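**Student:** Before I ask anything, here is the structure I am working with.
What follows draws every value from the coordinates through simple rules; no lab data is involved. Not measured: the values here are computed from a predicted model. Cβ sites come from the backbone with ideal geometry, for glycine too, and all protein chains shown count toward neighbours.
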């Protein structure tokens, strides 16, 4: 074999090896680029999901169910609302507990009668209630002599609820919520009052009402 042919073969081999090395290097670079692109894309997705979650958490309203219940009836309704809203359940506890004789409707001199007939009566509350940290408050009470118990006004007078959303609900033998609701709206005008409702101790009724609200 002459020298020219040998030189040609060597040149072809060198070119082939060079092309192979170039192809391997090019594929490696492309794989790295694709890998980096996938990593960046996954990071973008994760960041977007995290930002969405943060937005949802920051925009989620904090809810409380604050209620007064002398006999336990309103408490049962409040507990249903807690289950539906995952809000915090907070009881308004009177400093002086109401006895059966205090709640004697037929006695014109019973404690509850005297309080309801006195527009300035504000029975003391025994427990400290942190209402400031809540955006939405379900406010529950029984109806006494056609209106909300005066201890509810004690709560409203002693907390800065301006700009908060309050949703009244009540229990009663027959009286509706309108008298107490109108009183709240006329005397605590800086609160965002949603329409309330008189409720039976019925989980299905409470569920239907809560689900109908836009708060």
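**Student:** From the list 120, 204, pick out the single residue that is part of a loop (DSSP other than H, G, I, E, B) and surrounded by fewer than 17 Cβ atoms within 10 Å (Cβ to Cβ). Give the steps one after another, and end with the answer.
**Tutor:** Details: 204 fails: part of a loop (DSSP other than H, G, I, E, B).
Only one candidate passes the filter, namely 120.
**Student:** In addition: So which of 215, 188 ends up being within 24 Å of the chain's Cα centre (by Cα) and either within 21 Å of residue 77 (Cβ to Cβ) or loosely packed, with under 11 Cβ neighbours inside 10 Å (or both)?
**Tutor:** Among 215, 188, only 215 is within 24 Å of the chain's Cα centre (by Cα) and either within 21 Å of residue 77 (Cβ to Cβ) or loosely packed, with under 11 Cβ neighbours inside 10 Å (or both).
**Student:** I need a count of the residues in region 177-197 that are under 19 Å from residue 81 (Cβ atoms) and either in a strand (DSSP E or B) or in contact with a strand residue (DSSP E or B) (Cβ under 7 Å, 6 or more places away or on another chain) (or both).
**Tutor:** The number of residues fulfilling the criteria is 10.
**Student:** Follow-up question, since we're still on this one. Going through region 132-150 one residue at a time, which ones are out of contact with any helix residue (DSSP H, G or I) (no Cβ under 8 Å at 6 or more places or on another chain) and over 19 Å from residue 214 (Cβ atoms)?
**Tutor:** Hits for region 132-150 are 132, 133.
**Student:** Hey, could you check region 97-116 for residues that are touching a residue at least 12 places away in the same chain (Cβ under 8 Å) and within 12 Å of residue 149 (Cα to Cα) and say which is surrounded by the most Cβ atoms within 10 Å (Cβ to Cβ)?
**Tutor:** Result: 112.
**Student:** Within region 125-135, is there a residue that is under 21 Å from the mean Cα position of the chain (by Cα) and surrounded by 19 or more Cβ atoms within 10 Å (Cβ to Cβ)?
**Tutor:** yes
**Student:** Is it the case, given these coordinates, that residue 141 is part of a strand (DSSP E or B), surrounded by 14 or more Cβ atoms within 10 Å (Cβ to Cβ) and under 23 Å from the mean Cα position of the chain (by Cα)?
**Tutor:** yes
**Student:** Kindly evaluate residue 173 against the criterion of being within 18 Å of residue 73 (Cα to Cα) and in contact with a helix residue (DSSP H, G or I) (Cβ under 6 Å, 6 or more places away or on another chain).
**Tutor:** no
**Student:** Also, I was wondering about something else. Please give the number of the condition residue 161 fails out of (1) within 24 Å of the chain's Cα centre (by Cα); (2) exposed (fewer than 15 other Cβ atoms within 10 Å of the Cβ); (3) part of a loop (DSSP other than H, G, I, E, B).
**Tutor:** Unmet condition: (2).
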